[in-house]
Amino acid sequence: MIDIQGITKSFGSLQVLKGIDLHIDKGEVVSIVGPSGAGKTTLLQIIGTLDKPDAGTVHIDGIDVTTLSQKKLSDFRNQHIGFVFQFHQLLPEFTAIENIMIPAFIAGKSHAEAKQRAQELLEFMGLTDRASHKPAELSGGEKQRIAVARALVNNPAVILADEPSGSLDSKNKAELHQLFFDLRDRYGQTFVIVTHDESLAAITDRTIHLRDGLIEMPEAIPSPIPEQEPVQEEEIETADPSTEAEDPSTQL
Ligand SMILES: Nc1ncnc2c1ncn2[C@@H]1O[C@H](COP(=O)(O)OP(=O)(O)O)[C@@H](O)[C@H]1O
Ligand SMILES: [Mg+2]
């Protein structure tokens, strides 16, 4: 449902993306990792139609977004793509529920329809009692979850998240990460998440390693240190501390 082929992108003489091919299925939670400057944000912005590649195609739900006009692109983005950034970027003068409803208004939904969807999302996230709070009255974790609800309001094909938990403490981070998987289970929501967080990358369905403008092939990625075999409980119970003293090598 997202099909990316042969994407290249340069800024001046700097070639940031050197030929990216990537296919993402509906309901997949994919993470993109890589060193700073590797081109992660650039790739996400191209998938999200916020930037155009120099060459290559991006198909989302069968539509080649690289050929759409500016006017069509903004409609497409509003209806098919949800964004979550490192900082929530909620509008400070609007309440939580109003922030969630705004993209639905832009899509031409009625007030009643937008409100019903926003309420459903708030309830799913356990934030119903925060509906009429303004962003300044919400915690960092709550603001990020409201930003996720805003991204979801128009049932997008994909949510693109750029370091979404980068500004959260570990508890809120874990809650936000869990929310992504809960949303996948409930709505079949697809996520592409740029992250530095290894614990998040480890639990996603697939991790794309970006380096020097290319996707690293799996065999080129150093495998993690193998886990120790778990010690059997019986071994612990039957282990006799005196056997160690009988080992001749320890008596020298
Ligand atoms: N609009 C731009 N103009 C010029 N250079 C850019 C622009 N956007 C990104 N770059 C450069 O492209 C490279 C990749 O940037 P980026 O995609 O933000 O990397 P990452 O998100 O992996 O840290 C960096 O060297 C960055 O400075
Ligand atoms: Mg970045």
Per the filter on the stretch 110-129, residues touching a residue at least 24 places away in the same chain (Cβ under 8 Å) and in a loop (DSSP other than H, G, I, E, B) are Met125, Leu127
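Among the residues of the stretch 170-180, are any of a type outside the set (Val, Ile, Thr), within 16 Å of ligand 2 (Cβ to nearest atom) and either without any contact (Cβ under 8 Å) to a residue 60 or more places away in the chain or within 21 Å of Gly27 (Cβ to Cβ) (or both)?
No: zero hits.
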Name every residue in the stretch 1-19 that is under 22 Å from Phe76 (Cα atoms) and either within 15 Å of ligand 2 (Cβ to nearest atom) or in a helix (DSSP H, G or I) (or both), in order of residue number.
Lys9
Flagged pairs (Cβ under 9 angstrom, 6 or more apart or on separate chains; first in the stretch 27-41, of a type in the set (Lys, Arg); second within 7 Å of ligand 1 (Cβ to nearest atom)) are Lys40/Gly34; Lys40/Val194; Lys40/Leu210
Close pairs from the stretch 48-69: first touching a residue at least 24 places away in the same chain (Cβ under 8 Å), partner among the acidic types (Asp, Glu) and outside any helix (DSSP H, G or I), Cβ under 6 Å, at least 6 apart:
Thr57/Asp64; His59/Asp3
For the stretch 11-50, how many residues are closer than 18 Å to Ala161 by Cβ, within 8 Å of ligand 1 (Cβ to nearest atom) and in contact with a helix residue (DSSP H, G or I) (Cβ under 8 Å, 6 or more places away or on another chain)?
1
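Any idea which residue in the stretch 51-86 is nearest to Gln5 (Cα to Cα), counting only those that are within 16 Å of ligand 1 (Cβ to nearest atom) and among the aliphatic types (A, V, I, L, M)?
Taking the stretch 51-86 as the starting set, the residues that turn out to be within 16 Å of ligand 1 (Cβ to nearest atom) are 51-54, 56, 58, 83-86.
Narrowing the set further to residues that are among the aliphatic types (A, V, I, L, M) leaves 58, 84.
Numbers: Val58: 7, Val84: 24 Å.
Restricting to residues being within 16 Å of ligand 1 (Cβ to nearest atom) and among the aliphatic types (A, V, I, L, M), the top hit is Val58.
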Are any residues in the stretch 130-179 within 25 Å of Ile63 (Cβ to Cβ) and in a loop (DSSP other than H, G, I, E, B), and if so, which ones?
Val153, Asn154, Asn155, Pro156, Ala157
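Read-outs throughout are calculated quantities, based only on the coordinates presented, and are distinct from any laboratory measurement. Fair warning: this is a prediction, and the values are worked out from it, not measured in the lab. As a convention, Cβ positions derive from the backbone with ideal geometry for all residues, glycine included, and neighbour counts pool all protein chains shown.
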